[in-house]
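Below: one structure, written as structure tokens.
The values are calculated or read from the model by the stated rules, or taken from the named source; none is laboratory data. In this text the structure is predicted, and so the values were computed from the model without any measurement. Every residue, glycine among them, receives a Cβ derived from its backbone with ideal geometry; neighbour counts consider all protein chains shown. Calculation scope for accessible area: heavy atoms of the full protein, side chains included, ligands and nucleic acids excluded. Shrake-Rupley method; radii C 1.70, N 1.55, O 1.52, S 1.80 Å.
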Amino acid sequence: MTKTFRFGVIGCGLMGREFASAAARWLHLADVKARPEIVAVCDTNTTLLDWFRDHVPTVRQFTADYKELLANPEVDAVYCAVPHVLHQQFYIDVLKAGKHLLGEKPFGMDAAQNREIMAVLAEHPDLLVRCSSEMPFFPGAQKVIALAKSGEMGDILEVEAGFLHSSDIDRQKPINWKRMAEINGDYGCMGDLGMHVLHVPLRLGWRPTTLHAQLVKKVTERPDGKGGMLPCTTWDNATISSRVRTADQDFPMVLKTWRIAPGESNSWYIRVLGMKKSAFFSTKSPRQWQWMDYNGGAQAWSTEDLGYGSLFPAITGKIFEFGFADAIQQMWAAFVDELAGGNANGFGCATPAEAQAHHAVLTAALKSGREDVVVPVAYDGASV
């Protein structure tokens with residue numbers, strides 16, 4: 001019999017509604033151990049609560065006070081999608097309430113806040129805690145990950161991973177909290193997008209040892225939506241050039257978190273170039289991945305149409321195309337599978353240790369970009 005885990009959602013904006021959609025479509029998945037049921041929601045915006053009233057009939061608690069939700073004994077686990085400045089307090093309170101947690105990145109506005117979260121997490125080893133990062137669940141990304149894990153790529157020449165946003169190229173786009181350092185944090189674009197680009201490298205054991213970052217701020221003010229202008233105090237783009245040294249590899253890795261990316265529309269990609277094999281995937285071509293074998297002959301890339309070959313099997317025929325909503329559901333399937341005692345079919349959501357390690361990288365990148373120097377990455381005991 002399929003087990004049910006009852007969820008509370010704190011933060012009912014875009015990503016809260018994406019979770020609700022994924023949960024409502026759970027019959028799309030085949031042979032799952034468990035399913036989520038959203039029973040409580042919290043947001044200070046009553047309009048967003050009304051959306052859940054209209055569309056999610058399982059919800060029995062509607063509140064503007066997240067502590068009321070945490071006190072609800074019917075809630076087993078929480079999805080928390082709130083601005084970065086609230087992560088430390090909210091995540092700690094979730095853990096102290098004894099609830100499992102899937103929290104949004106960056107898992108604390110900065111490294112200091114992340115350390116506070118990690119300290120409380122250490123006091124609750126019985127809780128499953130993960131960080132949201134859905135892009136690696138695309139089938140093409142899984143192909144690249146599998147090839148990298150195989151050891152068949154030989155000496156690695158370079159790795160590049162990136163998340164390229166687009167809408168911020170429009171100077172008339174109204175400002176929101178992600179352009180305000182006091183709410184978003186000093187990381188700027190790196191805090192919003194860094195877990196996306198580091199989830200796979202960290203999972204593969206590719207931790208930058210030193211780095212140099214170039215931080216870009218091109219738009220200094222934006223419309224406030226009321227006829228005036230407000231200053232933008234966060235970084236628009238970051239390009240991080242790092243060095244990775246493992247027991248048997250030494251190679252450069254480039255990480256791009258760009259909010260101003262001409263011609264792009266939330267494109268996530270990873271490219272791994274090796275002496276024997278290379279691989280590439282981008283969400284710009286969601287049904288394809290590319291690889292190259294080199295055995296002394298011609299150097300030619302091969303392209304394969306993958307269709308719908310998801311990590312967690314679904315009812316969709318394999319000839320059809322996988323998309324962002326599917327990646328969200330696959331991420332949630334991985335989290336719920338772990339709640340039920342599974343191994344997330346071999347690829348779990350980003351872990352707290354990986355989130356802590358990504359804070360170490362972003363902290364070093366912030367110092368490097370401000371001072372234009374090469375900076376060693378101090379992982380503060382993070383293990384991945």
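For every residue, the table says whether it meets (1) under 17 Å from the mean Cα position of the chain (by Cα); (2) under 28 Å from Q88 (Cβ atoms).
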{"position": "L147", "(1), (2)": "no, no"}
{"position": "K178", "(1), (2)": "yes, yes"}
{"position": "G191", "(1), (2)": "yes, yes"}
{"position": "L230", "(1), (2)": "no, yes"}
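Got a sec? Which helices (runs of 4 or more DSSP H) wholly within segment 34-101 have at least 1 residues that are more than 19 Å from E123 (Cα to Cα)?
46-55, 66-70
If you check A334 against the conditions, is it under 25 Å from W206 (Cα atoms), without any contact (Cβ under 8 Å) to a residue 60 or more places away in the chain and open to solvent by less than 20 Å² (accessible area, probe 1.4 Å)?
no
Look through V361, V373 and report the one residue that is over 24 Å from A24 (Cβ atoms) and surrounded by fewer than 14 Cβ atoms within 10 Å (Cβ to Cβ).
Only one candidate passes the filter, namely V373.
Give just the number: which of (1) open to solvent by 10 Å² or more (accessible area, probe 1.4 Å); (2) on the phi < 0 side of the Ramachandran plot does N345 not satisfy?
Just one mismatch for N345, condition (2).
Of all residues in segment 19-65 being charged (D, E, K, R) and at pLDDT below 95, which is farthest from the chain's Cα centre (by Cα)?
Looking at residues that are charged (D, E, K, R) and at pLDDT below 95, I get D31.
Scanning segment 140-166 for residues that are of a type in the set (S, T, N, Q) and in contact (Cβ under 8 Å) with a residue 12 or more places away in the chain, which turns out farthest from Y269 (Cα to Cα)?
In this case the residue turns out to be S166.
Could you tell me whether segment 96-109 includes any residue that is open to solvent by 10 Å² or more (accessible area, probe 1.4 Å), modelled with pLDDT under 95 and either charged (D, E, K, R) or touching a Cys at 6+ places or on another chain (Cβ under 9 Å) (or both)?
No, segment 96-109 has no match at all.
Find the residue count for segment 250-283, including only residues that are farther than 20 Å from Q142 by Cα, open to solvent by 10 Å² or more (accessible area, probe 1.4 Å) and over 20 Å from the mean Cα position of the chain (by Cα).
5
Within the set of pairs 6 or more residues apart or between chains, which connect a residue that is touching a residue at least 12 places away in the same chain (Cβ under 8 Å) and on the phi < 0 side of the Ramachandran plot inside segment 284-300 to a residue that is surrounded by 17 or more Cβ atoms within 10 Å (Cβ to Cβ) and of a type in the set (A, V, I, L, M) with Cβ atoms less than 6 Å apart?
R287/L306; W291/A279
What number of residues within segment 110-125 are of a type in the set (V, I, T) and surrounded by fewer than 19 Cβ atoms within 10 Å (Cβ to Cβ)?
Selection size over segment 110-125: 1.
Within segment 6-29, is there a residue that is assigned to a strand (DSSP E or B), under 17 Å from V129 (Cα atoms), out of contact with any Phe, Trp or Tyr (no Cβ under 7 Å at 6 or more places or on another chain) and not acidic (D, E)?
Yes.
Find all pairs meeting these conditions: Cβ atoms under 7 angstrom apart; at least six residues apart or on different chains; first residue within segment 202-226 and farther than 30 Å from D248 by Cβ; second residue assigned to a strand (DSSP E or B) and open to solvent by less than 40 Å² (accessible area, probe 1.4 Å).
Partner pairs satisfying both residue conditions: L215/A238; V216/N237.
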